[in-house]
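A short write-up of the structure that comes next.
Every read-out reported here was derived from the displayed coordinates using simple, explicitly stated rules and does not represent laboratory data. Predicted model, so just to flag it, every value in this text is computed and none were measured. A quick note on method: Cβ atoms are made from the backbone with ideal geometry, for glycine too, and the neighbour counts reach across all protein chains shown.
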Amino acid sequence: MSSLGTDGGGSTHNTVSGDAVIVGPLLMAQRIEGIHLPPAPPDAPPSQGPPPSRVFVNRTKELADLRDGALALAAEEEPGTLLVVGVGGVGKTQLVAQCVGRDLKQLFPDGQLYVDLEDHRRDGAVDLAAVLGGFLRALGVHKDYVPGPLAERTALFRSVAAPLRLLVKVDNVQHAPEARTLVPPRGLLVVTGRRVLPSLLMDGAVLIDVAPLDEAAGFERALAANRAVPDQHGVVVQSYNVAQALVAGERWTDALDVLDEAAETARTTGDEPMLPRIDLVRAHAFAGLGALDRAVTAAGSAADRAAALKQFAKLDQALELLTALADQAEDRPLRAACEEKLRALRRTMGMKPPAAPTA
């Protein structure tokens, strides 16, 4: 600050010059009586992500592969990437949680970051700027200092994370650029997805393939272990995961039996957020059996519950499934009922109807 005179005849002005780099607000004034700064963030490393469940069976080989790959990559100076691939509901997220809890947590003392990209995906695209904003705040960057553009958030994330040994866990990656943006400068990125991403493998990612449990004994052991666990939410989640794997194996009736039990437990314990997920898998099971009317009912229920709970990713999936069921329905009244349900849901959510096909 430069000052010329204090008797009213002079002037006062402020300048910022040289190689100054401004991050966040800049205050310039003649006299400052006091400044209220935001409180310091908690002095604790982030520990994000789903916790390991006490119910976990039949994944000895996959756990060993994941552990060995992670330990090998963590020993290198450059950041590494693990790509965990399998069908929906096969247990990829829980596999990572188990491995982290048992073997990896101590290797990353500066924290663990987690995001499910489905929570940030709209019309197929992920809002990576929002993801990085969450990561930066978790690492102690005050919201006022988080820049807006994606490129600037990416640069700041790399600067803040440069001295840190971080484990970054990302679920539901569909495209390689989504993963590349979130690689920490040091440490390890673990991503899960439903298909292999060859360009990530070309980058040096290590592939862990998680196949569906294909033995009946495996499902029975999982469900028996479920019922012995006092954590009812864990029972619902694991039953839901088992049912998804059964659907992937085209064991429709077995899946419906598991889902009925999971839904009853969720309703009696107030675990409402799980019900849209259960209804979606139930709809797929009914569709597999050829019971399209019951599939439409289940998909409509999933959409209604997801809308009420503001689970927009699940709502999108339910609308997509209803659209597919309407296309499959040969029975005219069923097709009409399905299309009316879609119109009602779109009206409820303030969505425009799809454009009519051009001739």
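Can you list the GluC sites (Glu not before Pro) in the range 35-127 that are in a DSSP coil and have 11 or fewer other beta carbons within 10 angstrom?
E76, E77
Hey, with R₀ at 41 Å, roughly what FRET efficiency would E339 and A44 work out to, going by the Cβ-Cβ distance, to 0.05?
0.20
Counting Lys and Arg as +1 and Asp and Glu as -1, what is the net charge of the other residues whose Cβ lies under 12 Å from the Cβ of L275?
Summing Lys/Arg as +1 and Asp/Glu as -1 gives 0.
Give the shape of the range 50-100 as rounded, prolate or oblate, defined through the alpha-carbon gyration tensor: a ≥ b ≥ c are the square roots of its eigenvalues, a/c under 1.5 means rounded, and otherwise the shape is prolate if a/b is larger than b/c and oblate if not.
Because a/c hits 1.5 or more and a/b exceeds b/c, the range 50-100 counts as prolate.
Local charge sum around P45 (other residues, Cβ-Cβ under 13 Å, Lys/Arg +1, Asp/Glu -1)?
0
May I ask you to list the GluC sites (Glu not before Pro) in the range 222-314 that are in a DSSP loop and have at most 15 other Cβ atoms within 10 Å of their Cβ? Working shown, then result.
Details: sites: E250, E261, E264; in loops: E250.
Of the GluC sites (Glu not before Pro), the ones in loops of the range 222-314 whose Cβ has at most 15 other Cβ atoms within 10 Å are E250.
Report the label-to-label distance for E118 and D293 in nanometres (one decimal), using points 7 Å from each Cα along the Cα→Cβ vector.
Here the answer is 3.0 nm between the modelled labels.
Below 13 angstrom from the Cβ of V115, what's the summed charge of the other residues (Lys, Arg +1; Asp, Glu -1)?
-3
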